[in-house]
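Trainee: What follows is a single structure, and I will ask about it in a moment.
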Protein chains: 2
Amino acid sequence: MAAKAQRTPRRTDALSKERIIEAATEILDTDGENALTLRVLTTRLNTGYGAIYHHVANKSDVLAAATDEVIARVMTGVVIDAPPREALRALALGLFDAIDAHPWVGAQLSREPWRPALLEIYESIGRLLDALHVPERALFDAAGALVNYVLGVAGQNAANARALAHGEADRSVFLATAAAHWSQLDPDKYPFVHKAATQLREHDDREQFLAGVDIFLAGIATLR
Amino acid sequence: MAAKAQRTPRRTDALSKERIIEAATEILDTDGENALTLRVLTTRLNTGYGAIYHHVANKSDVLAAATDEVIARVMTGVVIDAPPREALRALALGLFDAIDAHPWVGAQLSREPWRPALLEIYESIGRLLDALHVPERALFDAAGALVNYVLGVAGQNAANARALAHGEADRSVFLATAAAHWSQLDPDKYPFVHKAATQLREHDDREQFLAGVDIFLAGIATLR
DNA sequence: ACCTGAACACCGTTCAAGT
DNA sequence: ACCTGAACACCGTTCAAGT
């Protein structure tokens, strides 16, 4: 008590951008996007602000790098030597699942869509569409449309996942509530939504996503 | 100076949720999403925090209501008595343009995709697809896919718009830089992206968006 | 009922100072 | 070079007090 306040001794094990990204990813995955603050990052890493800012530019940098990381893992993990149609579906599903598992990635990709992560996605999808014999003049638009569809759905899905926080029970309750709301709408004013209420309750997000990919591929096939 | 500090007299003209949303929309449109703070909202409306919180639940509420407002305007503005294919394209383009003009709407829709605004979109698109004779069993998936595509692209576009802040000059500089980057990539590792660099520089976002809608509609036509 | 504005509990980021 | 942690300039939100 009478002793002079002691500075905590400086860390001996090296901090690094990788270790920061790793810790940030863990926080994001377990506690969500709002839980990632510089403060919890410093305590988690037993360090100070300056140490973190010495390795990364700012908080955006951390989020962007963590996102690149997740996407890069998907891109290297997906098998590409399947027939192009199969490979395209597998790639789309891989991205969907990754964003479902890390909802913050979805938000990040729609916030900064020019990052290296997206380059890999464009390259893979473009190449696979080329293998599907999409005419060259249509390749750019087709790839753009497909990438946007995949990221768009994944992003929406992620938003729902974030909103529901955790738990499959929540999801069915949420869908049942929404479906009940839809079915109570005036069938004259909202014929489609009213009719679709049942499907809203029963649908599987992953299957619906794939159905959309198939519609897309069918449309692309007509470009031949 | 010796006088007692005087409270500013209370406002006489009524505050209302509408007036708050209106002011918020102006701030969002002119200065971007980050510029909307409760503080600037109070000064803009010559009022205090409590007055605002008396009319809205919180900041999210303001953003959500402002978004509903913008989308509702698009939905009532679009002509639906055109042939379904034309109407569908017009609707998609209307949404694209609205989100381009109000980029914060794009971010908001992917953050809270269950709002009333989205219900109207689903209803219109579902009904138009029905008019296109999409079989009933495929209607729900097709509508979901199309809505997600439209919002996905619009959202990405909005992200770019936000990143570029303002000005057409910025956009072409940005695209030229990105295209230069793409074209410098190793053609062996990135054949598609390397080849697509030219189109990246020259493409028109709106046209590419419509090309995607057409691919979609072509795919949907195969469901018949 | 409607409004004012001080106060609270947070943020991300900086930077002088330590090793 | 790498790290510490107090301090700064912000946030959104609450709430006692006014009319």
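Trainee: If you go through segment A:138-161 one residue at a time, how many are more than 11 Å from the chain's Cα centre (by Cα) and in contact (Cβ under 8 Å) with a residue 60 or more places away in the chain?
Mentor: Taking segment A:138-161 and keeping what is more than 11 Å from the chain's Cα centre (by Cα), we get A:138-149, A:160.
Next, from what is left, pick out any that are in contact (Cβ under 8 Å) with a residue 60 or more places away in the chain: A:138, A:142, A:145-146, A:149.
So the answer is 5.
Trainee: If we scan segment A:98-108, do we find a residue that is free of Cβ contacts under 8 Å to residues at least 24 places away in the same chain and either closer than 21 Å to A:ASN157 by Cα or of a type in the set (A, V, I, L, M) (or both)? Break it down into steps so the answer makes sense when it comes.
Mentor: Just the residues of segment A:98-108 that are free of Cβ contacts under 8 Å to residues at least 24 places away in the same chain, to begin with: none.
Within segment A:98-108, not a single residue is free of Cβ contacts under 8 Å to residues at least 24 places away in the same chain and either closer than 21 Å to A:ASN157 by Cα or of a type in the set (A, V, I, L, M) (or both).
Trainee: Given the structure, is B:ILE52 touching a residue at least 24 places away in the same chain (Cβ under 8 Å), of a type in the set (A, V, I, L, M) and within 8 Å of DNA strand D (Cβ to nearest atom)? Outline the logic, then answer.
Mentor: Values: touching a residue at least 24 places away in the same chain (Cβ under 8 Å): yes; of a type in the set (A, V, I, L, M): yes; within 8 Å of DNA strand D (Cβ to nearest atom): yes.
Yes: the conditions hold for B:ILE52.
Trainee: If you check B:VAL74, B:VAL40, B:VAL79, which single one turns out to be within 12 Å of DNA strand D (Cβ to nearest atom) and either under 24 Å from the mean Cα position of the chain (by Cα) or without any contact (Cβ under 8 Å) to a residue 60 or more places away in the chain (or both)?
Mentor: Numbers: B:VAL74 fails: within 12 Å of DNA strand D (Cβ to nearest atom); B:VAL79 fails: within 12 Å of DNA strand D (Cβ to nearest atom).
None of the others qualify; the one that does is B:VAL40.
Trainee: If B:GLY126 satisfies all but one of (1) at the interface with another protein chain (Cβ under 10 Å from one of its Cβ atoms); (2) closer than 26 Å to A:GLU123 by Cα, what's the number of the condition it fails?
Mentor: The failed condition is (2).
Trainee: Working only within segment A:104-116, note down all residues that are part of a helix (DSSP H, G or I) and surrounded by fewer than 23 Cβ atoms within 10 Å (Cβ to Cβ).
Mentor: Going residue by residue through segment A:104-116, those that are part of a helix (DSSP H, G or I) are A:104-111, A:116.
Result: A:ALA107, A:ARG111, A:PRO116.
Trainee: Any residue at all in segment B:28-49 that's crowded, with 17+ Cβ neighbours inside 10 Å, in contact with an Asp or Glu (Cβ under 7 Å, 6 or more places away or on another chain) and at negative phi?
Mentor: No, segment B:28-49 contains no residue that is crowded, with 17+ Cβ neighbours inside 10 Å, in contact with an Asp or Glu (Cβ under 7 Å, 6 or more places away or on another chain) and at negative phi.
Trainee: Moving to a separate point now. Spot the failing condition for A:ARG224; the list is (1) within 17 Å of A:LEU146 (Cβ to Cβ); (2) at pLDDT 95 or above; (3) more than 7 Å from chain B (Cβ to nearest Cβ), and only one is missed.
Mentor: Against the list (1) within 17 Å of A:LEU146 (Cβ to Cβ); (2) at pLDDT 95 or above; (3) more than 7 Å from chain B (Cβ to nearest Cβ), A:ARG224 comes up short only on (2).
Trainee: Tell me the residue from B:HIS181, B:HIS166, B:HIS194, B:HIS133 that is modelled with pLDDT under 90 and more than 8 Å from chain A (Cβ to nearest Cβ), please.
Mentor: Details: B:HIS181 fails: modelled with pLDDT under 90; B:HIS194 fails: modelled with pLDDT under 90; B:HIS133 fails: modelled with pLDDT under 90.
Criteria check complete, one pass: B:HIS166.
Trainee: Just wondering, is there one or more residues in segment B:140-154 that are surrounded by fewer than 21 Cβ atoms within 10 Å (Cβ to Cβ), facing another protein chain (nearest Cβ under 8 Å) and part of a helix (DSSP H, G or I)?
Mentor: no
Trainee: Further question: Can you find a residue in segment A:179-200 that is touching a residue at least 24 places away in the same chain (Cβ under 8 Å) and buried (at least 17 other Cβ atoms within 10 Å of the Cβ)?
Mentor: Checking segment A:179-200: at least one residue is touching a residue at least 24 places away in the same chain (Cβ under 8 Å) and buried (at least 17 other Cβ atoms within 10 Å of the Cβ).
Trainee: Are there any pairs with C-beta distances below 7 angstrom linking a residue in segment A:209-220 that is at the interface with chain B (Cβ under 7 Å from one of its Cβ atoms) and within 16 Å of B:PHE140 (Cβ to Cβ) to a residue that is assigned to a helix (DSSP H, G or I) and hydroxyl-bearing (Ser, Thr, Tyr), with the two at least 6 apart or on different chains, and if so which?
Mentor: These pairs meet every condition: A:GLY212/A:TYR149.
Trainee: Could you identify the single residue in B:ALA82, B:ALA72 that is within 26 Å of B:ASN34 (Cβ to Cβ) and not acidic (Asp, Glu)? Explain how you work it out, then say what you get.
Mentor: On the way: B:ALA82 fails: within 26 Å of B:ASN34 (Cβ to Cβ).
The conditions single out B:ALA72.
Trainee: Could I ask something else about it? If I filter segment A:178-199 for residues that are closer than 29 Å to A:LEU223 by Cβ and of a type in the set (A, V, I, L, M, F, W, C), do I get at least one hit? I'd like the intermediate steps shown before the answer.
Mentor: Initial filter on segment A:178-199 (closer than 29 Å to A:LEU223 by Cβ): A:192.
This time we only want the ones that are of a type in the set (A, V, I, L, M, F, W, C), so: A:192.
The answer is yes; a qualifying residue exists.
Trainee: Filter segment A:11-21 down to the residues that are under 14 Å from A:THR43 (Cα atoms) and either of a type in the set (Lys, Arg) or away from DNA strand C (no atom under 15 Å from the Cβ) (or both), then identify the one that is modelled with the lowest pLDDT. Break it down into steps so the answer makes sense when it comes.
Mentor: Of the residues in segment A:11-21, the ones under 14 Å from A:THR43 (Cα atoms) are A:11, A:15, A:19-20.
Then drop every residue that is not either of a type in the set (Lys, Arg) or away from DNA strand C (no atom under 15 Å from the Cβ) (or both), which leaves A:11, A:19.
Details: A:ARG11: 59, A:ARG19: 96.
Per the criteria, the residue is A:ARG11.
The values are calculated or read from the model by the stated rules, or taken from the named source; none is laboratory data. Computed from a predicted structure; not experimentally measured. Please note: Cβ atoms are built from the backbone with ideal geometry, for glycine as well, and neighbour counts cover all protein chains shown.
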